[in-house]
Amino acid sequence: MAYGLLKGKRGIITGALDEKSIAWKIALKAKEEGATFTLSNAPLAMRMGAIKQLAEQCEAEIIPADATSVEDIENLYTKSIDVLGGKIDFVLHSIGMSPNIRKNRPYGDMNYEWYQKSLDISALSFHKMMQTAEKLDALNEWASVVGLSYIAAQRTFAFYTDMADAKAMLESIARGYGYRFGKLKNVRVNTVSQSPTVTTAGSGIGGFDVFYEYAQLMSPLGNATADDCANYVITLFSDLTRMVTMQNLFHDGGFSSVGVSEDLAMKLMQAHQQEQQ
Ligand code: NAI
C-alpha cells in the first residue's frame, strides 16, 4: 500500500546493481511513494545492464558515477538537478566493496592498497557525496541522506575483515556530517544497520550463510529482508522523521539487543546431544 510519503520529492539513489540489491527495492518503493529520482552506479556496473530495466520501471534517468571520484559526483548532482528540475530532497548511499574480501584475504594478511580501496569505496565516498552536495549547494532544506551499514561496525564478525572498519568509518561520517549539515541546512544524515541480506555484496562475504542463519536464529522477528529495509528507508526520506539525525539505526529484527536466543540455544543443545549419542 502506498501513502504518498515522497510526493513531490526529488532524490538520488546509488547502488542498484540487480533486483536483489537493497537499493533496487528502495527505488521501487520511492517510485511507489511518489518520488522522482535519478539512479547511479559505477560505470563498470552499468555494463551488466540490469539497471536499465529498473530505470524504465521507475521512469528514472541513469547517471554513471564512480563514488570514489569527486568529479563524477559533481556531475551526478549537476545532472540530477537538471533532469529533476530542482535541488535534491533525498540521497541514498548504498555502496560497498572490499577487494580483500573478494580475494579471500584474512585480517592478518591485508593488501593495504586494497584496504584503502575498501575504505574509499565503502566509506569515504559517503563523505565525498556530502561534501560535494554542500559545495554545490545541491540539497534542499530538510533533505535526508541515508547510508547502509552493518553491525560489524560495533562487534567483530569473523570474515568481515576490512569492511568492518569501513562501516565504522561510514557511521562516524554520518555523525560528523549530520552535525554539520544540521546546522547548515537542517539536513539530516543517518545510517541504517541492516540484517544480513542475500545480495551480490552480502553473499560475497566469506561464511555469509552462517552469518545469515545465526542472525535468523538470534532475532526475535527474524532477519529483515531488503523489502523491509526499503520500507524503513522510505520513512527516513519522508517528512515523518524530520528530527532524526546523526543516528545509526538498527534494522535487524531485534538482533542487536539479544545476548542469546532460545532458538540458538536449542540448536546448540541438539548438536550437543547428537554428539553424545
Ligand atoms: P549490492 O552488491 O547489490 O550493492 C553494492 C553496490 O555498490 C553495487 O551496486 C555496486 O555496483 C556498488 N559499487 C561498488 N563499487 C562502487 C563504486 N566505486 N562506485 C559506485 N558504486 C559502487 O549489495 P547490497 O547488499 O544491496 O549492498 C548495498 C549496501 O548495503 C552496501 O553498503 C552494503 O555493505 C550494505 N549492507 C548489506 C548487507 C547485506 O547483507 N547484503 C547488510 C548490511 C549492509
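For the range 168-220, the set of residues classified as at pLDDT 95 or above and on the phi > 0 side of the Ramachandran plot consists of N186 only. Looking only at residues in the range 83-100 that are under 19 Å from Q194 (Cα atoms) and within 11 Å of the ligand (Cβ to nearest atom), the one that is surrounded by the fewest Cβ atoms within 10 Å (Cβ to Cβ) is M97. Quick check on my filter: what residues within the range 177-190 are touching a residue at least 24 places away in the same chain (Cβ under 8 Å) and either of a type in the set (S, T, Y) or open to solvent by 10 Å² or more (accessible area, probe 1.4 Å) (or both)? Matches in the range 177-190: Y177, Y179, R180, G182, L184, K185, N186. Of everything listed in (1) without any contact (Cβ under 8 Å) to a residue 40 or more places away in the chain; (2) within 15 Å of the ligand (Cβ to nearest atom); (3) of a type in the set (S, T, Y), the single unmet condition for T161 is (1). Please tell me if V198 is crowded, with 23+ Cβ neighbours inside 10 Å and either more than 11 Å from S149 (Cα to Cα) or touching an Asp or Glu at 6+ places or on another chain (Cβ under 7 Å) (or both). Considered against the rule, which asks whether it is crowded, with 23+ Cβ neighbours inside 10 Å and either more than 11 Å from S149 (Cα to Cα) or touching an Asp or Glu at 6+ places or on another chain (Cβ under 7 Å) (or both), V198 comes out as no. Scanning the range 242-258 for residues that are crowded, with 18+ Cβ neighbours inside 10 Å and among the hydroxyl-bearing types (S, T, Y) yields a count of 1. When S193, S203, S257, S172 are checked against the criterion of being without any contact (Cβ under 8 Å) to a residue 24 or more places away in the chain, closer than 30 Å to Q131 by Cα and either more than 16 Å from the ligand (Cβ to nearest atom) or not hydrophobic (A, V, I, L, M, F, W, C) (or both), a single residue qualifies: S172. When residues in the range 132-158 are screened for being under 17 Å from I101 (Cβ atoms) and in contact (Cβ under 8 Å) with a residue 24 or more places away in the chain, 7 of them pass.
Enumerate the helices (runs of 4 or more DSSP H) found wholly within the range 13-69, keeping only those where 3 or more residues are more than 8 Å from the ligand (Cβ to nearest atom).
Details: elements: 22-32, 43-46, 50-58.
Filter on the range 13-69 gives 22-32, 50-58.
For first residues located in the range 100-125 and in a helix (DSSP H, G or I), partners that are modelled with pLDDT of 95 or more and aromatic (F, W, Y) and lie 6+ apart or on another chain with Cβ distances below 6 Å form the pairs N100/W114.
Within the range 30-48, being under 13 Å from G15 (Cα atoms) and free of Cβ contacts under 8 Å to residues at least 24 places away in the same chain holds for P43, L44, M46.
Might you let me know whether the range 160-167 holds any residue that is touching a helix residue (DSSP H, G or I) at 6+ places or on another chain (Cβ under 8 Å), in a loop (DSSP other than H, G, I, E, B) and on the phi < 0 side of the Ramachandran plot?
Quick first cut of the range 160-167, residues touching a helix residue (DSSP H, G or I) at 6+ places or on another chain (Cβ under 8 Å) only: 160-167.
Subset that is in a loop (DSSP other than H, G, I, E, B): 160.
Next, only the ones that are on the phi < 0 side of the Ramachandran plot stay: 160.
Checking the range 160-167: at least one residue is touching a helix residue (DSSP H, G or I) at 6+ places or on another chain (Cβ under 8 Å), in a loop (DSSP other than H, G, I, E, B) and on the phi < 0 side of the Ramachandran plot.
Residue pairs whose Cβ atoms lie under 7 Å apart, separated by 6 or more positions or on different chains, with the first residue in the range 213-237 and over 30 Å from K7 (Cβ atoms) and open to solvent by 70 Å² or more (accessible area, probe 1.4 Å) and the second outside any helix (DSSP H, G or I) and not aliphatic (A, V, I, L, M), are Q216/G222; Q216/N223; P220/G253; P220/G254. Condition check: assigned to a loop (DSSP other than H, G, I, E, B), touching a Ser or Thr at 6+ places or on another chain (Cβ under 8 Å), more than 9 Å from the ligand (Cβ to nearest atom) and open to solvent by less than 70 Å² (accessible area, probe 1.4 Å). Does L5 satisfy that? Answer is yes for this residue.
Failed condition for A153, given (1) within 11 Å of the ligand (Cβ to nearest atom); (2) open to solvent by less than 10 Å² (accessible area, probe 1.4 Å), with all others met? Every condition holds for A153 apart from (2).
The values are calculated or read from the model by the stated rules, or taken from the named source; none is laboratory data. All values derive from a computational prediction rather than experimental measurement. Backbone-built Cβ (ideal geometry, glycine too); neighbour counts: all protein chains shown. Areas reflect the complete protein model, heavy atoms only, side chains present, ligands, DNA and RNA absent. Shrake-Rupley method; radii C 1.70, N 1.55, O 1.52, S 1.80 Å.
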